[in-house]
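Report on the structure given below.
No lab work stands behind these numbers, since they all come straight from the coordinates. For clarity, every value in this text was computed on a predicted model and none was experimentally measured. Using ideal geometry, Cβ is built from the backbone for each residue, glycine included, and neighbour counts are taken over all protein chains shown.
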Amino acid sequence: MGYSEIRYEVADRVATVTLDRPERMNAYTYTMRGELLAVFDEIDADDEVRAVVVTGAGRAFCAGADLQAGGDTFNKEKQGDMFAGEDVLEDGTPRDGGGTVALRIARCLKPVIGAFNGAAVGVGVTMTLPMDVRLASEKAKFGFVFARRGIVTEAASSWFLPRLVGIAQAMEWAATGRVFDAREALDGGLVSRVHAPDELLPAAYGLAREIADNTSAVSVAAIRRLMWSGLSSTTPWDAHANDSRLMAALGSSPDAAEGVTSFLEKRPASFPMRVSADLPTEVPDWPLR
């Protein structure tokens, strides 16, 4: 599929999604929303893709929603489906477009690594919260600026952000709406590591290739769903039940046999199972929408 506001490449079993509106600091639009939804469908359908790196073109990661419409930018009556598309809630409310992207990333069956090369503000940071690992350049800046724009946190960040950084840190960033640097993002738990600008993508690709070269795709997909669904498990007993079902399902699988045999034979594993065909039905399911 051709894309106009993102770039998509696959090399060495690692997909790269680049937000590609550098002249607008990769500001988020309805077109970008649709292309991100489509590219993650493409990623999940391609068994050759084992991990995903998401970054931005130019000096920014994503400067947030494109504000060219001025004061009517977030006015649904004036902007129509600019940010929500045709999706609506059961009561007819248009769905937040950033949320549809965040939830699609959450459903992805491949691990997703965010590489913040520059500013990530508003939806430019909230849509990345379901990514599994976030790395930042020393030049990156972040801002949950919604209260300064007279709107609310979106992209399901009221669910994701407190679980990632704790409620106190989440509220400080969201209530003040201030922009902060990569060091504060690291100290607050928003990103895992901070790198010199020219070391950011090599670090992201190194992590992606470690996954691609050494692990079972089906195991990683199942673990990813277990981890994220576990955040809302009522008790550890619920998580234990999900773990148990998948251990039973995968324990007799070809990948489990290969994983143990290759370890005993001191050779690299060659896992035969494919996410598109072999993902166990016991994997916790999330809604399609």
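Can you say what percent of the DSSP beta bridges in the chain, counting only those with both residues inside, are antiparallel? Round to 5.
If we restrict to bridges inside the chain, about 30 percent are antiparallel.
Dipole magnitude of region 105-195 about its Cα centre, charges +1 at Lys/Arg Cβ and -1 at Asp/Glu Cβ only, in debye to the nearest 20?
Dipole size: approximately 180 debye.
How much net charge surrounds P254 when only the other residues with a Cβ under 15 Å from the Cβ of P254 are counted, with Lys and Arg +1 and Asp and Glu -1?
-3
Angle, helix 236-251 long axis vs. longest principal axis of the chain, Cα atoms, 0 to 90°, nearest 10?
Once rounded, the angle reads 50 degrees.
For q values of 0.18, 0.28 Å⁻¹, compute log₁₀ I(q)/I(0) with the Debye formula on a Cα-only model of region 82-141, without solvent.
Log10 of I(q)/I(0), two decimals: -0.70, -1.11.
Report the GluC sites (Glu not before Pro) located in region 220-289 that are in a DSSP loop and have at most 13 other Cβ atoms inside 10 Å of their Cβ, or state none.
Those that pass, being in a loop and sparsely packed, are E265.
Highest mean first, how do 117-126, 139-148 rank when packing is the count of other Cβ atoms within 10 Å averaged over residues?
Per-residue mean Cβ counts within 10 Å order the peptides as 117-126, 139-148.
Given the options F116, T235, P268, identify the residue whose Cα lies farthest towards the positive end of the charge dipole of the chain (+1 on Cβ of Lys, Arg; -1 on Cβ of Asp, Glu).
Towards the positive end, the residue furthest out is F116.
Starting from the coordinates of the alpha-carbon atoms of region 215-278, obtain the Kirkwood hydrodynamic radius over all distinct pairs and give the value in Å to one decimal.
12.8 Å
May I ask for the distance between the Cα centers of region 119-136 and region 1-66, given as a whole number of Å?
13 Å
How large are Rg and Dmax for the chain when calculated on the C-alpha trace, in angstrom?
According to the Cα coordinates of the chain, Rg and Dmax are 19.4, 65 Å.
If you put +1 on each Lys and Arg Cβ and -1 on each Asp and Glu Cβ, how big is the dipole of the chain around its Cα centre, in Debye rounded to 20?
The calculated dipole for the chain is roughly 640 debye.
Tilt of helix 167-176 relative to the longest C-alpha principal axis of the chain, in degrees (0 to 90, nearest 10)?
Between the helix axis and the principal axis of the chain, the angle is about 30 degrees.
Just need the relative contact order of the chain here, percent rounded to a whole number, with Cα pairs under 8 Å and 6+ apart.
Reported relative contact order: 17 percent.
Please give me the summed charge of the neighbours of W237: other residues whose Cβ is under 15 Å from its Cβ, Lys and Arg +1, Asp and Glu -1.
-1
To the nearest 20 Debye, how big is the dipole of region 215-278 about its Cα centre, given +1 on the beta carbon of each Lys and Arg and -1 on that of each Asp and Glu?
120 debye
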